[in-house]
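K.L.:
The structure's right below; bear with me while I get my questions together.
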Amino acid sequence: MKQKIRCSWANQSEKEIKYHDEEWGKPILDDRLLFEFLILEGAQAGLSWSTILKKRENYRIAFDNFDAEKISKYKQQKIDKLLNNKGIVRNKLKINATITNAKLFLDVQKEYGSFSNYIWQFVNEKPITNKWKNRDDVPTKTEVSDLMSKILKKRGFKFIGSTICYAYMQAVGMVNDHTIDCFRYKEC
């Protein structure tokens, strides 16, 4: 039986393989899922994505399944509980950023009808399809992610630098950065 060819980063663990094969690069329009990735990509800053994938279910439980409305109302007691939760990254700045970002996310929803309507404007509502031959060709940021970062920061979003924005764009399918030999390239 012929083995599937995947992007080289996606062969380290079963979680990474599943994430790559089922999610990474697939265009997402669902606001809850877009918010989840926004938070997880920020949580990943300074860490590996595999670390976040291992903690993803814990994040869903700890952060009320990424319900921005609930998160926006977190008080100190909940923050203290999160800071003691070994199942997530216990970084005070990242936890506070999640609450701030939830409030701003809700503001964007009100202003644009959905976060999806807003965020997909950065790529003219259509995924950018790249043609990378290998992992080393894939950039860590682009002019589009630079612009996204700048505008989101201006709105007050936290943990949203250009590299995080580009990883977010890859995760939610705003760009197809599967290498051309990967079986998912044509699917995305």
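K.L.:
Per residue Cα convex hull volume for the range 67-119, in cubic angstrom? Numbers along the way, then the final one.
P.N.:
On the way: hull volume 4.3 nm³, N = 53.
With only Cα atoms used, the range 67-119 gives 81 Å³ per residue.
K.L.:
Mind checking the angle between helix 92-112 and the chain's longest principal axis? C-alpha axes, 0 to 90 degrees, to the nearest 10.
P.N.:
80
K.L.:
Can you sort D80, D21 from fewest to most other Cβ atoms within 10 Å of each residue's own Cβ?
P.N.:
On the way: D80 11, D21 16.
By the 10 Å Cβ count, ascending, the order reads D80, D21.
K.L.:
Enumerate the calculated ³J(HN,Hα) couplings along the range 138-153 in order (Karplus 6.51 cos²θ - 1.76 cosθ + 1.60, θ = phi - 60°), each rounded to whole Hz, writing x wherever the residue is Gly or Pro.
P.N.:
6, x, 9, 7, 9, 4, 5, 5, 4, 5, 4, 4, 4, 6, 5, 4
K.L.:
While we're on this one: What 222 nm value per residue comes from the helices of the chain, counting each DSSP H run with n ≥ 4 as -39,500 (n - 2.57) and dividing by all residues, nearest 500 deg cm²/dmol? Don't skip to the end; give the middle numbers.
P.N.:
Details: 10 runs with 102 residues, N = 188.
Roughly -16000 deg cm²/dmol at 222 nm, from the helical runs in the chain.
K.L.:
Moving on. Counting other beta carbons within 10 Å of each Cβ, put H20, H178 in order, fewest first.
P.N.:
Details: H20 21, H178 24.
With the sparsest Cβ surroundings first, the list reads H20, H178.
K.L.:
Using every Cα-Cα pair within the range 88-188, state what percent have a distance larger than 22 Å. Show your work: numbers first, answer last.
P.N.:
On the way: 1817 of 5050 pairs.
The proportion of pairs with Cα distances above 22 Å equals 36 percent.
K.L.:
Send over the per residue convex hull volume for the range 31-108, Cα only, as a whole number of Å³. Working shown, then result.
P.N.:
On the way: hull volume 6.1 nm³, N = 78.
Here the figure is 78 Å³ per residue.
K.L.:
State which entries of K86/K150; K18/K81; K26/K110; K18/K55; K73/K110; K55/K78 exceed 23 angstrom in Cα-Cα distance in the structure shown.
P.N.:
Working: K86/K150 32 Å; K18/K81 30 Å; K26/K110 25 Å; K18/K55 15 Å; K73/K110 17 Å; K55/K78 18 Å.
Exceeds cut-off: K86/K150; K18/K81; K26/K110.
K.L.:
Hey, another quick one. Above 25 angstrom, tally the Cα pairs of the chain and express them as a % of all pairs, no decimals. Each step should come with its number before you reach the end.
P.N.:
Working: 5996 of 17578 pairs.
When every Cα pair of the chain is considered, 34 percent fall beyond 25 Å.
K.L.:
Further question on the same structure: When the Cα centres of the range 6-31 and the range 101-160 are compared, how far apart do they sit, in Å?
P.N.:
Taking the Cα centre of the range 101-160 as reference, the centre of the range 6-31 is 19 Å away.
K.L.:
Can you list residues from other chains, or at least 5 along the same chain, whose modelled amide H is less than 5 Å from the amide H of N176?
P.N.:
I128, T129, N130
None of the figures in this text is laboratory data; all of them are computed from the coordinates on show. Bear in mind that the values here come from a model prediction, so they are computed numbers and not experimental data. Every residue, glycine as well, gets a Cβ built from its backbone with ideal geometry; the counts of neighbours run over all protein chains shown.
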